[in-house]
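Comments concern the structure below.
Values in this text are rule-based calculations from the coordinates and carry no lab data. None of the values given here were measured: they were computed from a predicted structure. With ideal geometry, Cβ positions are generated from the backbone for all residues, glycine too; neighbour counts draw on all protein chains shown.
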Amino acid sequence: MRKVTVQLHRDFAIGETDRRLFGAFVEHLGRCVYGGIFEPGHPQADARGFRRDVLALVRELGPTIMRYPGGNFVSGYNWEDGVGPVAERPRRLDLAWMSTETNQFGTNEFIDWCRAADTEPMLAVNLGTRGGDAARNMVEYCNHPSGTTLSDLRRQHGWEQPHGVKFWCLGNEMDGHWQMEAKTAEEYGRIACETAKMMKWIDRSLELAACGSSGRRMSTFGQWEDTVLEHTFDHVEYISLHTYLNNYDADTPAFLASCDLMDNFIEEVVAIADAVAARRRSAKRIMLSFDEWNVWYRTRRNRAARVLPGWPVAPSILEEFYNVEDALAFGGCCISLLNHADRVTAACLAQLVNVIAPIMTETGGPAWRQTIFHPFAHFSRMGRGRVLRAQIDSPSYAARYNDPNGPIDEFFAMPAVPYLKLAAVHDDKSGALTLFALNRSLTEELPLRLQAAGFSKLAPKQALQLCDPDLKAVNSKQNPDRVTPRPLASVRTDGERLEAVLAPASWNIIQLAVSD
Ligand code: AHR
C-alpha cells in the first residue's frame, strides 16, 4: 500500500481529555453484579463479597467512572429495595431482563465497591416507573450529610459519611419502546427538567445527564435531542449517546468502518445541542456523555426471545465472547472518543464484567481478560492529555454497514473509509506523545510516516500491537492470553519524524518521549 502520512502540530489541539472519558458500566443484568463483581463465598471474595480477582483486573483496566444500576434495569428499579438489612430486602421480578432481582447488592455496596476499585460512581435514577420524588429522595439519602429521615437512614444503615455522588443520569433510553414506561420527548423533557431542579435544590454540586436517543437509528433521533434539551437546557450539563457496533453481515471491512459512524453521531448531537443554545443566545455548551458504547450483536435479543423459564437469578445472558476483529472495531471507537475530547467529556464502556464485557468470570472459578480489554486499558492509561489535530492522508475503501437495531432498516453507505484511523494525545505531565492507530486493511501493511511539528526530538518509549492471523481468535478460561498485545518493532524516529509499519488488521499504540 502507498505510504500514509500524518501531520501533527504540538500547538494544534482538539481539547484535553476529561478524566470521565474512560468510564464503564455495571448494570443489574445477567452475571455483571452477581457472579461478576460480587460473589460472596467465592474463594477470592473479600468480607463484603467483592471478588478480589475481578477488582485486580478492574484496576488494571483503569475505568475512571462507573455507571450504575442500569441500563434498562433502572427504569423499573426501586432504589429503596437495595438498601438496609440484606436479609430484609425484597426479591422482585425484573421486567428489563426477565429475571429475578434479589437486591443483595444495592447502592451502598456499589459505592463501597467503587472506592475499592478506585473509580468514581455515576448513578442513574428511575424516570420510567418512578419519577422526581423517588429521585430527589435518593439524592437526599446518598448525599445529604445528616439530620433528616433519609440521610439518617443511610447513617443507620452503616454509611455515616455522605456518598458525595456528583454525576447522575436522568433515566435511561427513555425513547425506547423496550423501556418500562417509555416516553415521548415532550413527556420525558418535562419530567427530566422537574427532576433535575429538585435534585440540584438538594445538592447544587450535581452534574446531570439527560437521555439522548438510544441510538442514531431511532426514527426520533434529532427531534428527540432538540425537544429534550429545550426542556432541560438550563438544568443539565450533559446529553447522553449510546452505540453498539455489529458484524451481523460477517462483513469485517464494514464492521471496522462502523466506528466512524460514532464520529457522525457525536457531531450531529453537538450541532443540535448548540442549536438549542443558539436559540437562547446562550454561551453555555452542553457536553456529551457517551454512556453506553461497545460491540454487541451475537447475544442481542428482542424481548420475546429474552424470556427464560422460571425468572432466573443472574442468568448467563449477553455473554459475548470477543474476538480479534471486535477488539479492532472497539479500538476504533476509542479513537472516535479521543478525537472528540472537546465535547465528549464522559463515556462508559458497556459493560464491565460478563455482560458484553472486557472481563469474564466463571461463577466459582477464575476471571480473565477478553480481547477488548486491551484497547480499553491503552485508551484509559495513555489517553490522558491534549488530543492533537491529526491531518491524515490515507488510501480509503468503500463499505456498506448494516445496523438493523432500530426502526430505520437501511444500509449506511460509506464511500471513503480511510484505512488508517488515528488519534494522538500529548501528555504534558509525563512528556509523552501517544499514537493510537488502527490499520483497517485486512491484507496489507500500512507504512506510516508522521511528522509532529513543534516537538524537536521524538524517541520511542513503548510500542505495542494487537493483531492475529485469525480474526476470530478469542481468549478463554483455558487460554486466557491467546490474544494479547505484543511489541511493535518497526518504529523509527528522526527528530520530529516517525516511521512505522502497521500490520494488516491491527491496533497499535506508539508512545514517544518528546522534547519541545
Ligand atoms: O447495555 C445493555 C443495554 O443496552 C442497556 O441496559 C440498555 O440501556 C441498552 O439498550
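Histogrammed with a bin width of 10 Å, the alpha carbon distances of segment 352-427 distribute as 14, 23, 33, 25, 5, 0 percent, first bin at zero.
Rounded to two decimal places and with Rh computed the Kirkwood way over Cα pairs, what is Rg over Rh for segment 208-271?
Radius of gyration over Kirkwood radius for segment 208-271 works out to 1.06.
In this structure, Arg279 and Gln478 have a Cβ-Cβ separation that, at R0 = 56 Å, corresponds to a calculated FRET efficiency of about 0.45. The magnitude of the dipole of segment 396-516, with charges of +1 and -1 set on the Cβ of Lys/Arg and Asp/Glu and taken from the Cα centre, is near 280 debye.
When all alpha carbon pairs of segment 435-494 are counted in 5 Å bins from zero, the resulting P(r) reads 4, 12, 21, 22, 15, 12, 7, 5, 2, 0 %. With neighbours defined as other Cβ atoms within 10 Å of a residue's Cβ, the residues Cys169, Cys193 order from fewest to most as Cys193, Cys169. Annotation: amide H of Tyr419 within the under-5 Å range of Ser396, Tyr397, sequence separation 5 or more or interchain, hydrogens built in the peptide plane. The Cα atoms of segment 101-245 cover 47, 33, 26 Å along the three principal axes, with the biggest extent listed first.
Counted over the chain, the DSSP beta bridges are approximately 60% antiparallel.
Taking the Cα centre of segment 73-139 as origin, sum charge times position over the Cβ atoms of Lys and Arg (+1) and Asp and Glu (-1), and report the length of that vector in debye to the nearest 20. Can you show the working numbers first?
Values: 6 positive and 10 negative charges, 38 e Å.
Dipole of segment 73-139, to the nearest 20 debye: 180 debye.
Max-minus-min Cα coordinates of segment 303-412 on each principal axis give 56, 37, 26 Å, with the largest extent listed first.
Per the Debye calculation on segment 1-116 with a single equal scatterer at every Cα and no solvent contribution, log₁₀ I(q)/I(0) for q = 0.17 Å⁻¹ amounts to -0.87. Listed by number, the DSSP H helices of the chain that run 18 Å or longer by alpha-carbon position along their axis and have mean Kyte hydropathy of at least 1.0 are 324-338.
How big is the charge dipole of the chain about its Cα centre, in debye rounded to the nearest 20, if each Lys and Arg gets +1 on its Cβ and each Asp and Glu gets -1 on its Cβ?
Numbers: 56 positive and 64 negative charges, 147 e Å.
Dipole of the chain, to the nearest 20 debye: 700 debye.
If you take the Cα centroid of segment 119-191 and the Cα centroid of segment 23-99, the two points sit 17 Å apart. Among Lys421, Lys200, sorting on how many other beta-carbon atoms sit within 10 Å of each Cβ, with the fewest leading, yields Lys200, Lys421. Computed from Cα atoms alone, the Kirkwood hydrodynamic radius reported for segment 357-398 is 13.7 Å. For the chain, the calculated P(r), taken from all Cα-Cα distances in 20 Å bins from zero up to the bin holding the longest distance, is 23, 57, 20, 0 percent.
Each eigenvalue of the Cα gyration tensor of segment 134-207, multiplied by 5 and square-rooted, gives one semi-axis; in descending order these are 27, 13, 10 Å. Derived scalar couplings between HN and Hα for segment 233-248 equal 3, 7, 10, 10, 9, 9, 10, 9, 9, 10, 8, 10, 7, 9, 10, 3 Hz in order, rounded to whole Hz, by the Karplus curve 6.51 cos²θ - 1.76 cosθ + 1.60 (θ = phi - 60°), x for Gly and Pro.
What the Cβ-Cβ distance of Glu230 and Arg19 gives, at R0 = 41 Å and to the nearest 0.05, is a FRET efficiency of 0.85.
Of the three principal axes defined by the Cα atoms of segment 76-167, the extents in descending order read 36, 29, 27 Å. Placing unit charges on the Cβ atoms of the charged side chains and taking the dipole of segment 1-124 about its Cα centre, the candidate lying farthest along the positive direction among Gly82, Pro69, Leu8 is Leu8.
Going down the list Lys421/Lys472; Lys429/Lys457; Lys166/Lys429; Lys166/Lys200, which pairs span over 19 Å between their C-alpha atoms? Those over the limit are Lys421/Lys472; Lys166/Lys429.
Taking the highest mean first, how do the peptides 347-354, 423-430, 381-388 order by number of other beta carbon atoms within 10 angstrom per residue? Present the calculation step by step, with values, prior to reporting the outcome.
Details: 347-354: 28.0, 423-430: 18.6, 381-388: 21.1.
Descending packing order for the listed peptides: 347-354, 381-388, 423-430.
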